[in-house]
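Right, one structure below, let's go through it.
The values are calculated or read from the model by the stated rules, or taken from the named source; none is laboratory data. Every value quoted in this text rests on a predicted model; they were computed, and no experiment measured them. Note that we place each Cβ from the backbone using ideal geometry, even for glycine, and neighbour counts take in every protein chain shown.
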Amino acid sequence: MTMPKSPHPRTVQIALFGIFASFGVLVGLWAAAIPLLQKRLALSNDMIGLNIFCFGMGAVGATIVIPKLIARHNTRAVMRVAGCGMWLLFPLMIAAPSFVALMMASVCVGFCCGALDASMNSHAFNVEHHLQKPSLSLFHGGYSLGNILGSAAAALVLYLTLSYTTSVWFFSALALGAMWWWVSLCYPEDVVAQKQDSTTVHQRAPRALIIVAALTAISFFAEGAVGDWSGLFLRDIKSASATQTALSMAAFASGMTVARFLGDNLRARYATLPLLFFSSALASLMLVGFLMAPNAPLALLALVFAGLGYANLVPLLFVRAANIAGVPPARGVAFAAGMGYASLLGGPALLGYLAEHLGLATALTLVVFGTLLICFESRWKISRSKS
């Protein structure tokens, strides 16, 4: 009996790029739908924050159970179920007839998104193993490119005054077929071990890892907050049109896409800490520019440059987590990623509460201060390394 021929690494690379991009398209469509859902269901900012909390709760739940499923089956099987489930459930979330139904659908979609995120990033290590070179930045660039395509599609639908719900059903049908095909082109078996070392699982995390994980949580929260709330800020504070509001995610994601496609080259030329310092400084400055812009077009331009800054914060922090003395790289990255997803639980609810009671501009100022913490910490680490 002959063994099935393994797919060509380049074929798998293209397919996995498509899977990352598909995930990004869904997030772009979701960000553009938030103002529409708020208007249709008469949701307050508190309720929007609670709904994002439900989405994050589903994603965090997935990160707890998915590693066991990957170890029992493989990353390709999990990607197929999670990816197809995500696109099947997403239209139901957009068409939710009530706030309760929206929360229930958000938990389910969040679970599928978390499962897909974990499995496709794990499968990326298979691609790197076969290609013998880094590819993660390319895949995350595909995710950002998907954000742009999803936001642009949403803006076109709104510009043509088409039914957003019907359009999402159409996009989901296309994505479902593409997802099934792309996953079938991936490796049927995992060549990179997915099991954790039992001798390190129960060790207490060192302080250095906890600090990096906390900064990762801030980065996850900041990136998500800008993507989720920038459209509402443009509409309510800058009096932006529906088309401009829908373009907010595309503007932010376009900057992130460029920076992520350049990420591998930048890391080859510069050290991690200086890159982290300049990236967080740029992100903070441009987010202030977004909040203070006199009109919507300038605010959208500031979002592009904010995306350039935020793009590589999480990857750079993952590099730091993987290089902490005495901590296995896999455990360091997993711990940081877990803290990042956990920030999706309390962060959106806190931001929604502040937006409701203090104003959206004040709430987004909290994101600026969080990003500045990353900037100051990396600058402090640079100073200590020179002394």
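Does region 250-260 contain at least one residue that is polar (S, T, N, Q) and farther than 20 Å from Leu366 by Cβ? The answer is yes, given that some residue of region 250-260 is polar (S, T, N, Q) and farther than 20 Å from Leu366 by Cβ. Test Gly61 against the stated conditions and say whether it is farther than 24 Å from Leu136 by Cβ, modelled with pLDDT under 80 and not assigned by TED's automatic domain parsing to the domain that holds Phe261. No. Residue pairs whose Cβ atoms lie under 6 Å apart, sitting 6 or more positions apart in sequence or on different chains, and linking a residue in region 24-36 that is surrounded by fewer than 24 Cβ atoms within 10 Å (Cβ to Cβ) to a partner that is of a type in the set (Ser, Thr, Tyr) and at pLDDT 85 or above, are Leu36/Tyr164.
Is at least one residue of region 51-63 assigned to a helix (DSSP H, G or I), of a type in the set (S, T, N, Q) and more than 25 Å from Gly359 (Cα to Cα)? Checking region 51-63: at least one residue is assigned to a helix (DSSP H, G or I), of a type in the set (S, T, N, Q) and more than 25 Å from Gly359 (Cα to Cα). Within region 83-111, the set of residues being touching a residue at least 40 places away in the same chain (Cβ under 8 Å), surrounded by fewer than 24 Cβ atoms within 10 Å (Cβ to Cβ) and closer than 14 Å to Ser22 by Cα comprises Cys84, Leu88.
From the list Ser279, Ser254, Ser241, pick out the single residue that is buried (at least 24 other Cβ atoms within 10 Å of the Cβ) and either touching a Cys at 6+ places or on another chain (Cβ under 6 Å) or in contact (Cβ under 8 Å) with a residue 24 or more places away in the chain (or both). So the residue among Ser279, Ser254, Ser241 that is buried (at least 24 other Cβ atoms within 10 Å of the Cβ) and either touching a Cys at 6+ places or on another chain (Cβ under 6 Å) or in contact (Cβ under 8 Å) with a residue 24 or more places away in the chain (or both) is Ser279. Of all residues in region 209-230, none satisfies being charged (D, E, K, R) and more than 14 Å from the chain's Cα centre (by Cα). In region 134-150, the residues that are on the phi > 0 side of the Ramachandran plot and crowded, with 24+ Cβ neighbours inside 10 Å never reach a residue that is modelled with pLDDT under 80 and not hydrophobic (A, V, I, L, M, F, W, C) with C-beta atoms less than 8 angstrom apart, at least six apart or across chains. Among the residues of region 289-306, those identified as crowded, with 16+ Cβ neighbours inside 10 Å, assigned to a helix (DSSP H, G or I) and touching a residue at least 40 places away in the same chain (Cβ under 8 Å) are Phe290, Leu291, Ala296, Ala299, Leu300, Leu301, Leu303, Val304, Phe305, Ala306. When restricted to residues that are closer than 16 Å to Arg10 by Cβ and not in a helix (DSSP H, G or I), region 119-166 contains 4.
Restricting the search to helices (runs of 4 or more DSSP H) fully inside region 189-283 and requiring at least 1 residues that are farther than 24 Å from Phe139 by Cα and modelled with pLDDT of 85 or more gives 207-236.
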